[in-house]
Every structure is written in C-alpha cells, then in structure tokens.
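The values are calculated or read from the model by the stated rules, or taken from the named source; none is laboratory data. As the structure is a prediction and not an experimental result, all values here were calculated from the model. Counting neighbours? That spans all protein chains shown, and the Cβs are built from the backbone with ideal geometry, glycine included. The area values use the complete protein model at the heavy-atom level, side chains included, leaving out ligands, DNA and RNA. Shrake-Rupley method; radii C 1.70, N 1.55, O 1.52, S 1.80 Å.
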Amino acid sequence: MTTSTLNTSRSQAIFGAAQGLMPGGVSSPVRAFQSVSGHPIVFDRVKGSYAWDVDGNKYIDYIGSWGPAICGHAHPEVINVLQEVIEKGTSFGAPCALENTLAKMVIDAVPSVEMVRFVNSGTEACMAVLRLMRAYTGRDKVIKFEGCYHGHADMFLVKAGSGVATLGLPDSPGVPRSTTANTLTAPYNGLEAVKALFAENPDAISGVILEPIVGNAGFIQPEPGFLEGLRELTKENGALLIFDEVMTGFRISYGGAQAHFGVIPDLTTMGKVIGGGLPVGAYGGRADIMQMVSPAGPMYQAGTLSGNPLAMAAGIKTLELLKQTGSYDKLAATTEKLITGIKDAAKEVGLPITGGSVSAMFGFFLCEGPVRNFEEAKATDSERFGRLHRAMLERGVYLAPSAFEAGFTSLAHSDTDIDATVSAFRESFAEIV
Ligand code: KE4
C-alpha cells in the first residue's frame with residue numbers, strides 16, 4: 001500500500017472551529033489525538049469495517065466507536081429495526097416491552113446476572129454498582145486496579161486508565177480527597193497486594209472491581225489464577241467481586257469474559273455492545289443484591305432515558321446477530337490473524353513488541369514485555385506509537401489514538417481488510433524504526 005499525503009483540510013477546518021466551541025474541540029478527551037501525531041480526523045460516515053472522513057478518505061476502523069460496532073458499523077438489520085421502532089417514538093419515560101426482551105437476553109447470556117438495571121452509559125453503570133456494593137455490604141472502601149478505567153465518576157478517578165492515563169492525569173482536579181479516600185488501588189495481576197489490602201482493612205472493603213481483561217491501559221490479560229484468586233479472596237473477606245464488562249461484555253464471548261474464564265462475579269457492569277451503537281449501560285448480578293435497587297429496595301438510582309425503546313431495539317438486534325452460530329469463531333480468527341501479522345511485521349524490522357488478543361479485542365505495546373500491569377505498560381514507546389499512528393492513518397488504517405487503549409475488530413472485518421492492515425503495519429514499522 002503506498003502512502004499518499006492525506007488531504008485532511010476539511011477535518012482541520014472543522015476541528016479548528018470546534019476548539020472555540022467545546023473543550024479541546026471534542027466530546028471525549030481521547031478523541032483529541034493529544035498523545036499521537038497530527039490532528040484528529042473528523043468522521044463523515046461509517047459502514048461495516050470502514051469509516052470515511054469529511055475529506056472523503058476511507059479508513060479500516062479498529063475502534064468501532066470504542067466497542068459498540070462489533071457487528072460492523074450501521075449494520076443493515078440494526079438500521080432497519082431502528083427505522084421501525086422510531087416511528088413509535090424515541091423515548092417513553094415509561095416501561096416498554098423491549099426492556100423485558102433485552103433484560104432476558106442479558107440474564108440468559110451472562111452467568112452472574114439474575115437481574116439487571118439499564119442506564120445510559122458505562123460510567124453510570126459503574127457509579128451505580130459502587131453504590132450498590134456499599135449499600136449491600138455496609139462497607140465504604142473499594143479496591144480498583146491501577147490502569148483500569150471504570151468511567152469518570154469521582155471515586156474511580158484514582159490511577160485510572162484510558163484518557164486519564166493517555167493524558168497523564170493520575171488524579172483529576174475537582175475530585176475531593178474525601179471522595180477517593182475510600183478507593184484503594186493495587187497493581188493488576190497483583191494478588192498479594194490485594195491480600196495485603198484486605199489484611200490492612202479488616203471488614204471495611206465492600207468489594208473489588210476490575211476489568212477482567214484490561215482495555216484501558218492498553219491490552220493486558222489476567223495471569224492464570226488471578227481472577228480465581230480474587231474470587232476466593234472476596235468470598236473469604238465477605239466482600240463482593242465486580243467485573244466491569246463494559247468493554248469485554250458480549251465481545252470476549254456471548255457470556256462475556258466471565259464465561260470465557262469461568263470465574264463468576266457477584267455483579268457485572270455492561271455497556272457499549274448491548275446498546276448496538278445507541279447510548280446504553282447496565283449493571284446486574286445476584287438477585288438478592290439487585291433487589292436492593294430502588295424501587296424494589298432502598299438504594300436509589302434513576303435515569304430519564306434509561307431503557308428507551310431505540311437503545312433497547314438496537315441492543316436486541318445486535319445480540320441476536322452475535323448469537324448466530326460461528327460469530328465468535330469468526331471474530332477470534334480475524335483478530336488472531338491481525339495480531340499475529342502485526343507482531344511478525346514489527347519483528348521483521350527488529351522493533352520490540354509484545355501483545356495479544358482474546359476474541360474480538362487485541363492490543364500491543366512497543367516494548368519487549370511482558371506487560372502484566374500498568375507500571376510495565378508504561379515501558380511502551382509512546383512517542384514511537386504516536387508516529388506509528390500517523391503512518392497508519394496515512395495508509396488508511398484508523399487505530400485508537402493512544403498507546404493505552406485496546407483495539408476492536410468486528411464481524412465486518414474481512415480477510416482483505418486484515419491483509420491490507422498488516423501490509424500497512426509492515427510499511428509503517430519500517431518508516432518509524
Ligand atoms: P462510558 O461512560 O464511556 O460509556 O463507559 C465508561 C467505561 C467503563 N468501563 C470500561 C471498562 C470502559 O472501557 C469504559 C469506557 N471506555 C472508553 C474507552 N477506553 C470509552 C472511550 C472514551 O472515553 O471516549
């Protein structure tokens with residue numbers, strides 16, 4: 001694939017105008033390209049595995065709106081169902097049968113979920129699940145892991161991943177110390193550190209929340225025994241285990257990472273895929289715990305647009321598509337071919353690289369590795385990644401604009417897409433070596 005000087009003049013003009021309208025010119029920080037070379041690309045439309053920018057340039061997209069587009073962008077069957085449902089209104093603010101349908105699909109699919117509550121984002125789901133952990137156990141402290149990101153609620157902005165890591169914001173201003181005083185942190189895969197926290201805080205920790213596969217510090221997998229160890233430790237200490245599956249849910253398998261690893265938490269948060277591209281989040285788990293949620297119980301949580309028919313319909317159709325035989329075999333094969341090609345291409349020019357994939361989620365670090373936690377992830381060559389990102393963009397491949405994010409494939413990514421992507425990596429690695 002030959003490079004051409006990408007004409008992105010309209011992107012530059014629109015992004016330039018955005019600067020005076022929205023902080024950083026974006027609606028979410030990581031989109032601002034602040035840790036990679038060049039300015040952001042302004043999208044015009046997306047379809048399948050592709051995105052087109054406002055200058056007409058086409059890209060193979062490995063972000064997929066940060067996870068929701070697992071069946072491919074603007075899937076015709078999702079579009080059709082939305083066109084039908086929208087005729088009946090966009091939001092009711094009242095119960096609708098579509099909520100029952102999606103709730104039953106989630107309950108039938110995700111091993112830990114006996115009851116579920118829909119919200120409008122992953123952040124909301126994580127905020128609510130933390131309140132529920134505390135309400136159920138009567139304890140205030142929570143353990144999270146360095147580099148894991150659970151949305152932007154105050155109590156989680158402690159050594160968080162994603163944009164916080166990208167922008168080097170170890171803690172955000174505006175978050176009172178009192179709010180994070182009950183948030184304890186440990187290194188990912190650091191079972192001994194978690195044991196020590198429980199010993200130092202007897203009967204005070206409500207639970208442990210984590211990404212069962214990390215996608216917000218780059219791609220980091222749990223080491224054998226880590227998830228199982230957390231399951232045992234939380235049980236021994238009367239605490240809850242929470243899997244934040246906002247990113248991994250219905251991506252790692254139809255039952256999420258918990259079904260893939262065979263470790264069942266007490267509560268699970270979800271988002272992204274279950275909304276099929278519309279704003280949705282959810283939290284669910286053991287019925288005895290979920291019964292505490294208002295109005296069944298005393299723990300308050302609410303939302304104007306929660307369970308709206310459009311989001312429910314898009315989620316239902318997306319899960320129906322994923323449930324079809326062979327979906328996850330295809331996702332795994334596509335992604336394995338991609339990450340193998342990427343690593344081989346780097347090694348051909350002697351660039352240090354470590355990385356991997358699980359189902360439709362992948363990632364790599366430009367360092368020797370292994371990368372088992374956020375501290376080791378920081379060894380990645382972020383400056384070189386910034387140049388790689390630009391070189392790939394020039395060759396029509398759109399990667400997450402941060403060394404501390406994961407990549408996502410979809411059912412729409414073809415063998416031709418993967419071959420073209422690996423070829424672009426081969427040329428780009430040679431350019432940045
Ligand atoms: P949202 O509030 O962005 O819907 O979800 C927050 C969230 C919670 N938990 C996990 C594991 C997540 O990955 C996320 C959000 N993921 C980021 C991508 N790293 C969203 C992209 C962005 O912030 O613009």
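Each row is one residue, and each column tells you yes or no for (1) under 30 Å from I79 (Cα atoms); (2) open to solvent by 90 Å² or more (accessible area, probe 1.4 Å).
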position: T5; (1), (2): no, yes
position: G16; (1), (2): no, no
position: S28; (1), (2): yes, no
position: Q34; (1), (2): no, yes
Given (1) closer than 29 Å to S28 by Cα; (2) hydrophobic (A, V, I, L, M, F, W, C); (3) in a loop (DSSP other than H, G, I, E, B), where does F425 come up short, assuming only one miss?
-> (3)
Test result for A160, closer than 22 Å to A239 by Cβ, crowded, with 17+ Cβ neighbours inside 10 Å and aliphatic (A, V, I, L, M) = yes
When V142 is run through (1) closer than 28 Å to N237 by Cβ; (2) outside any strand (DSSP E or B); (3) within 16 Å of the ligand (Cβ to nearest atom); (4) not hydroxyl-bearing (S, T, Y), the failure sits at (2)
Residue in the stretch 339-353 that is assigned to a helix (DSSP H, G or I), closer than 25 Å to G255 by Cα and either in contact with a strand residue (DSSP E or B) (Cβ under 6 Å, 6 or more places away or on another chain) or open to solvent by less than 10 Å² (accessible area, probe 1.4 Å) (or both) present = yes
When you scan the stretch 224-267, how many residues do you find that are farther than 22 Å from T318 by Cβ, polar (S, T, N, Q) and assigned to a loop (DSSP other than H, G, I, E, B)?
-> 1
Determine, yes or no, whether A153 is crowded, with 24+ Cβ neighbours inside 10 Å and within 13 Å of the ligand (Cβ to nearest atom).
-> no
Test each condition in (1) of a type in the set (A, V, I, L, M); (2) open to solvent by 70 Å² or more (accessible area, probe 1.4 Å); (3) at positive phi for A74 and report the one that comes out false.
-> (2)
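Can you tell me which residues in the stretch 188-223 are among the small types (G, A, S), assigned to a loop (DSSP other than H, G, I, E, B) and within 16 Å of the ligand (Cβ to nearest atom)?
Step one: filter the stretch 188-223 for residues among the small types (G, A, S), giving 190, 193, 196, 199, 204, 206-207, 215, 217-218.
If we keep only those that are assigned to a loop (DSSP other than H, G, I, E, B) as well, we get 190, 204, 215, 217-218.
Passing the criteria: G215, A217, G218.
For the stretch 24-39, does any single residue satisfy the condition of being of a type in the set (S, T, Y) and modelled with pLDDT of 95 or more? Walk me through how you get there before you give the answer.
The first filter runs over the stretch 24-39 and keeps only residues of a type in the set (S, T, Y), leaving 27-28, 35, 37.
Subset that is modelled with pLDDT of 95 or more: 27-28.
Within the stretch 24-39, one or more residues are of a type in the set (S, T, Y) and modelled with pLDDT of 95 or more.
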Taking the condition buried (at least 16 other Cβ atoms within 10 Å of the Cβ), in contact with a helix residue (DSSP H, G or I) (Cβ under 6 Å, 6 or more places away or on another chain) and not charged (D, E, K, R), does G284 pass?
-> no
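So in the stretch 93-139, with the set limited to residues that are basic (K, R) and within 16 Å of the ligand (Cβ to nearest atom), which one is surrounded by the fewest Cβ atoms within 10 Å (Cβ to Cβ)? Reasoning before the result, please.
Step one: list which residues in the stretch 93-139 are basic (K, R), which gives 104, 117, 131, 134, 139.
Within this subset, residues satisfying the condition of being within 16 Å of the ligand (Cβ to nearest atom) are 117, 131.
Working: R117: 24, R131: 19.
For the stretch 93-139, the residue satisfying everything is R131.
Please find, within the stretch 377-410, the residue that is nearest to the ligand (Cβ to nearest atom) out of those that are part of a helix (DSSP H, G or I) and crowded, with 22+ Cβ neighbours inside 10 Å. Working first, answer last.
At the first step, the residues of the stretch 377-410 found to be part of a helix (DSSP H, G or I) are 377, 382-394.
Now narrow it down to the ones that are crowded, with 22+ Cβ neighbours inside 10 Å: 377, 385, 388-389, 392-393.
Values: A377: 14, F385: 16, L388: 19, H389: 15, M392: 19, L393: 18 Å.
It comes out as A377.
Considering each of Q301, Q291, Q258 in turn, give the residue that is in contact (Cβ under 8 Å) with a residue 12 or more places away in the chain, more than 12 Å from the ligand (Cβ to nearest atom) and open to solvent by less than 10 Å² (accessible area, probe 1.4 Å).
Working: Q301 fails: open to solvent by less than 10 Å² (accessible area, probe 1.4 Å); Q291 fails: open to solvent by less than 10 Å² (accessible area, probe 1.4 Å).
Residue meeting the stated conditions: Q258.
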The stretch 225-255, subset closer than 19 Å to G284 by Cβ, without any contact (Cβ under 8 Å) to a residue 60 or more places away in the chain and of a type outside the set (A, V, I, L, M, F, W, C), residue least open to solvent (accessible area, probe 1.4 Å) | T234
Looking at (1) closer than 26 Å to F408 by Cα; (2) open to solvent by 50 Å² or more (accessible area, probe 1.4 Å), find the lone condition where P222 falls short.
-> (2)
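So which residues in the stretch 261-279 are within 15 Å of the ligand (Cβ to nearest atom) and open to solvent by 10 Å² or more (accessible area, probe 1.4 Å), if there are any at all?
The initial filter retains those residues of the stretch 261-279 that are within 15 Å of the ligand (Cβ to nearest atom), namely 265, 267-279.
Matches in the stretch 261-279: K272, G276, G277, L278, P279.
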Return yes when E232 is within 12 Å of the ligand (Cβ to nearest atom), of a type outside the set (A, V, I, L, M) and at pLDDT 95 or above and no when it is not.
-> no
